[in-house]
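**Student:** Quick one: structure below, then a few questions.
The values are calculated or read from the model by the stated rules, or taken from the named source; none is laboratory data. These numbers were taken from a predicted model, which means no experiment stands behind them. Cβ atoms come from the backbone with ideal geometry, glycine included; neighbour counts cover every protein chain shown.
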């Protein structure tokens, strides 16, 4: 009598599809070298922090020099949560979904909820301040991680969708950390503070693989420990958020009106910031999402795919301090051009060949280019509003960037199948060139290439606060010199 071919149980499917990472030999030598490079890259951070000899910058007598390490630690928690969640969501969704059509629903919920909450978080921060918004977002990560762990253990697809949606809500507030640093930094050092917070990403890249290995072995059922780790990191982020200053920074109280989006829609620097952040985010996401798929399609090993992503993450975060120094010396326009050129170089290499080393270098260069453009684009955004009054603009820009990046991520598989690895890189190269062309046109048209912001400019117009205007003018002039 033939054996029964009944449906495989959920636990059996999970055990088959999701296996713990091996403790030893989990990555090839290049990836280990990448991990060591991550650790070495954060060593200059202590030297950078020692130069912040400013006085008290908060309403609760905590100096900015003490605030900055907490922001960096919170940024590290954020990127570790994002990386762990994105790594396991697709696999768990594949094993728990009642139908193949719903396999990507948990991952889609992370993106959709995170994008929607970005717009909401900006308005909430403008009304209540950063601290309660960051605490609420961290709490959603804690609850989302716990629910996801229970869902994996109980094989509940509905509960897992709820958990990933809550974790997606946390993604909306993590992007505010760099702006919190800029709001409480001395006006002349806002852009530098913003770049230093990005060091949290390189810390996450260095510790993430080791944490993933330990979490995968912490529970008998695969990835339950990884979900619990998300909750633990959420608790850490919650504690760090609770220690942040209550106001919006810049010496202004919460009841000072935030700049409205419609009041800055025609502002040249705001337009350039949105262009650079959304354009670079689209190219980076498109290349990053197609990289592992292309690696598999051309026959390279899964270990090489992991190495590619790790070097990509290094490129995304390691150059942060250098990006800030380049920004200070050459200004935002030349910094954006340099970042775009590096990103375009990586895409051009991807067009020429799909060898293993070339694909790794492509992702690394695209990551470096994104870092430079991200820092310079964020600096442009800072220059478009007085210090302490940009929460709504920040939320809108992060939301728009997340939405466009999500579109690139969703389209990645189809574009790879239609165009191939070389075609995807050609599309990314064209997008980068178009972004730089529009940026140059906006810069020449407005004459803002080297000129500081004056009180009569759109940056200062309508603020109703001369002190805020002076701070905005001083920061922009420092960047343009």
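**Student:** Of the conditions (1) assigned to a helix (DSSP H, G or I); (2) out of contact with any helix residue (DSSP H, G or I) (no Cβ under 8 Å at 6 or more places or on another chain), residue 292 satisfies every one except a single condition; which number is it?
**Tutor:** (2)
**Student:** OK, next. Check 76, 97, 124 and return the single one that is closer than 21 Å to residue 400 by Cβ and modelled with pLDDT of 80 or more.
**Tutor:** Working: 76 fails: closer than 21 Å to residue 400 by Cβ; 97 fails: closer than 21 Å to residue 400 by Cβ.
From the options 76, 97, 124, the qualifying one is 124.
**Student:** Could you check, for region 99-109, whether at least one of its residues is closer than 23 Å to residue 198 by Cα and assigned to a helix (DSSP H, G or I)?
**Tutor:** Checking region 99-109: not a single residue is closer than 23 Å to residue 198 by Cα and assigned to a helix (DSSP H, G or I).
**Student:** Related question: So, in region 306-334, how many residues would count as being over 25 Å from residue 76 (Cα atoms) and in contact with a helix residue (DSSP H, G or I) (Cβ under 6 Å, 6 or more places away or on another chain)?
**Tutor:** The total comes to 3.
**Student:** Which of the numbered conditions does residue 343 fail, given that it passes all the others? Conditions: (1) at pLDDT 85 or above; (2) under 16 Å from the mean Cα position of the chain (by Cα); (3) surrounded by 24 or more Cβ atoms within 10 Å (Cβ to Cβ).
**Tutor:** (2)
**Student:** Cβ-Cβ below 7 Å, separation at least six or inter-chain, first residue in region 208-235 and within 18 Å of residue 79 (Cα to Cα), second modelled with pLDDT of 85 or more and part of a loop (DSSP other than H, G, I, E, B): which pairs?
**Tutor:** As it stands, the answer is none, since no pair meets every condition given.
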